[in-house]
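Engineer: One structure coming up, written as structure tokens, with questions to follow.
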Amino acid sequence: MRRNILSLYLIKLSKWFTLVMPIIVLFYEDHGLGLQDVFILKSVYSIAAVTLEIPSGYLADVWGRRKCLILGCILFFLGYICYSFTSTFMAFLFAEILLGTGQTLVNGADSALLYDTTAHYKKEHLYLRYEGRITMLGNFAEAIAGIFAGVIAAYSLRYPFYGQAIIAFTGIPAAFALKEISSTHKTQSPTSEIIKIIKFSLFTNRQLCYNIMFSGIIGAATLTMAWFVQPLLIHLETPVSYFGIIWTVLNLTVGIAALYSDKIENYLGMRKMYILILVFIVGGYIALAYNLTYTGLLILLIFYIFRGFATPILKGYINQITFSEMRATVLSIRNFIIRLMFAAIAPFIGWLSDMYSLKTALLVSAVIIFIPGILFLILQLKSEEKTAGQ
């Protein structure tokens, strides 16, 4: 159990010790790209993830979590190698496809392997704690990386990408060190099996469906906000040297919140957590839109606290009501919703920001998130009431 958890920690570090994130928008601008181009690149990343998300989750269930994690870490490394030695939009596009594919192979497989590891050792009650710690570790790593990123980028915006490629490589031996826990199963028709799991997750099991959809919407909302941070700092004419520091503070906040997510969930319960997460995520967009000043940084801080709560808690709910043999596929359906929603709205949001204003883009994002979010929140709460009444 210890070996798997430590290896998953290292894989998380290899993905989240992101030297490039605090300065990537500056890097793109230095190569002549606008915010719309940035969102297009990230949309392509999401499209690559969307295309393979559910098949990769199914692949993890039938081929093995460990093998998917190994392949995913290799592709992630190659993506940053591509970024390190190219300078064109099309090359960046190819790098995003590699990164998106690699990320997809890791997503779902890591959480599924973690849950199966705890279940194998009769400690599944510790899953949420470990998931919170892994989320915390990832965000702490991203926070610490932010400090180094600012220093390195002061010499060249290219240097963080060289360092990122080296860091991404460390995930490969960590993935090889993993021990497969769940027994893989074979099927005569993978396509029909995937369709069967999708039907079960999104149609047959209503409670699971509402959990997946709500978690996916919140995930898309927090992902979109992450790409508003640097445009906000640019709007405020923040010195480049502060980009890494601010990024560090925000991600430390996510990490600390994730660490205490299990305690908060135990204290408040699922019902209140659902409501609070939606209110603070949507409210964060609206509040930031009307406070495009340094006060907006405090709003981002609060937003990031709830981002830290949301990820481990919502994934934990899904794991609790999912069978082991389809767990990675179900988690991949959640990630599919996140990436599909982001891929659909990102270019439009970027266009709104370039053509109108950052305020307009934030307000429209809030509306896009709130409408489906409140719908599935209501459905989920009614489903819980019905289940409790039986």
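Engineer: If the Cβ limit is 8 Å and pairs must be 6+ apart or interchain, which residue in the range 106-117 that is modelled with pLDDT of 80 or more pairs with which residue that is in a loop (DSSP other than H, G, I, E, B) and surrounded by 24 or more Cβ atoms within 10 Å (Cβ to Cβ)?
Structural biologist: Filtered contacts from the range 106-117: Leu113/Leu178.
Engineer: Tell me, yes or no, whether the range 21-34 has at least one residue that is of a type outside the set (A, V, I, L, M), surrounded by 21 or more Cβ atoms within 10 Å (Cβ to Cβ) and over 18 Å from Ala149 (Cα atoms).
Structural biologist: No: the range 21-34 contains no residue that is of a type outside the set (A, V, I, L, M), surrounded by 21 or more Cβ atoms within 10 Å (Cβ to Cβ) and over 18 Å from Ala149 (Cα atoms).
Engineer: Taking the conditions exactly as written (among the hydroxyl-bearing types (Ser, Thr, Tyr), closer than 26 Å to Thr248 by Cα and part of a helix (DSSP H, G or I)), does Thr118 satisfy them or not?
Structural biologist: no
Engineer: Just checking: which of the helices (runs of 4 or more DSSP H) contained wholly in the range 154-272 hold 1 or more residues that are of a type in the set (Ser, Thr, Tyr) and either at pLDDT below 90 or in contact with a Leu (Cβ under 7 Å, 6 or more places away or on another chain) (or both)? Walk me through it before giving the result.
Structural biologist: Numbers: elements: 159-169, 171-176, 190-199, 206-226, 229-235, 240-259, 261-268.
In the range 154-272, the matching helices (runs of 4 or more DSSP H) lie at 190-199, 206-226, 240-259, 261-268.
Engineer: Select, from Phe140, Phe148, Phe89, the only residue that is hydrophobic (A, V, I, L, M, F, W, C), closer than 19 Å to Leu13 by Cβ and surrounded by fewer than 21 Cβ atoms within 10 Å (Cβ to Cβ).
Structural biologist: Phe148
Engineer: Could you please find all residues in the range 302-332 being at pLDDT 90 or above and surrounded by fewer than 16 Cβ atoms within 10 Å (Cβ to Cβ)?
Structural biologist: Result: Ile302, single match.
Engineer: I would also like to ask the following. Hey, among Leu35, Leu105, Leu19, Leu93, which residue is of a type in the set (A, V, I, L, M) and within 26 Å of Ser324 (Cα to Cα)?
Structural biologist: Leu105
Engineer: Within the range 351-377, how many residues turn out to be out of contact with any helix residue (DSSP H, G or I) (no Cβ under 7 Å at 6 or more places or on another chain) and farther than 15 Å from Ile218 by Cβ?
Structural biologist: Of the residues in the range 351-377, 4 are out of contact with any helix residue (DSSP H, G or I) (no Cβ under 7 Å at 6 or more places or on another chain) and farther than 15 Å from Ile218 by Cβ.
Engineer: Answer yes or no as to whether Leu71 is aliphatic (A, V, I, L, M) and surrounded by fewer than 23 Cβ atoms within 10 Å (Cβ to Cβ).
Structural biologist: Working: aliphatic (A, V, I, L, M): yes; surrounded by fewer than 23 Cβ atoms within 10 Å (Cβ to Cβ): yes.
For Leu71, the condition - aliphatic (A, V, I, L, M) and surrounded by fewer than 23 Cβ atoms within 10 Å (Cβ to Cβ) - is met.
Engineer: Search the range 261-290 for residues being buried (at least 16 other Cβ atoms within 10 Å of the Cβ) and not aliphatic (A, V, I, L, M), and hand back the single one that is farthest from Pro372 (Cα to Cα).
Structural biologist: Only one residue fits best here, namely Asp262.
Engineer: Would you tally the residues in the range 70-85 being touching a residue at least 40 places away in the same chain (Cβ under 8 Å) and touching a Gly at 6+ places or on another chain (Cβ under 8 Å)?
Structural biologist: Within the range 70-85, the first condition is being touching a residue at least 40 places away in the same chain (Cβ under 8 Å), and the residues that meet it are 70, 72-74, 76-77, 79-81, 83-84.
Adding the requirement that they be touching a Gly at 6+ places or on another chain (Cβ under 8 Å) leaves 72-74, 76-77, 79.
Number of matching residues: 6.
Engineer: Would you be able to say whether some residue in the range 2-10 is closer than 30 Å to Leu232 by Cα, part of a helix (DSSP H, G or I) and at pLDDT 90 or above? Don't jump to the end; show me each part of the working.
Structural biologist: Of the residues in the range 2-10, the ones closer than 30 Å to Leu232 by Cα are none.
No, that holds for no residue.
Engineer: Only one of (1) buried (at least 18 other Cβ atoms within 10 Å of the Cβ); (2) on the phi > 0 side of the Ramachandran plot is not met by Asp110, so which one is it?
Structural biologist: Result: Asp110 fails condition (2) only.
Engineer: Now for a separate question. Return the only residue of Pro231, Pro239 being without any contact (Cβ under 8 Å) to a residue 12 or more places away in the chain, farther than 21 Å from Lys315 by Cα and either touching a Gly at 6+ places or on another chain (Cβ under 9 Å) or surrounded by fewer than 21 Cβ atoms within 10 Å (Cβ to Cβ) (or both). Before you say what the answer is, go through the steps one by one.
Structural biologist: Values: Pro231 fails: without any contact (Cβ under 8 Å) to a residue 12 or more places away in the chain.
The conditions single out Pro239.
Engineer: Of the conditions (1) part of a loop (DSSP other than H, G, I, E, B); (2) without any contact (Cβ under 8 Å) to a residue 12 or more places away in the chain, His125 clears all except one; give me its number.
Structural biologist: Tallying (1) part of a loop (DSSP other than H, G, I, E, B); (2) without any contact (Cβ under 8 Å) to a residue 12 or more places away in the chain, His125 fails exactly one: (1).
The values are calculated or read from the model by the stated rules, or taken from the named source; none is laboratory data. Computed from a predicted structure; not experimentally measured. Counting neighbours? That spans all protein chains shown, and the Cβs are built from the backbone with ideal geometry, glycine included.
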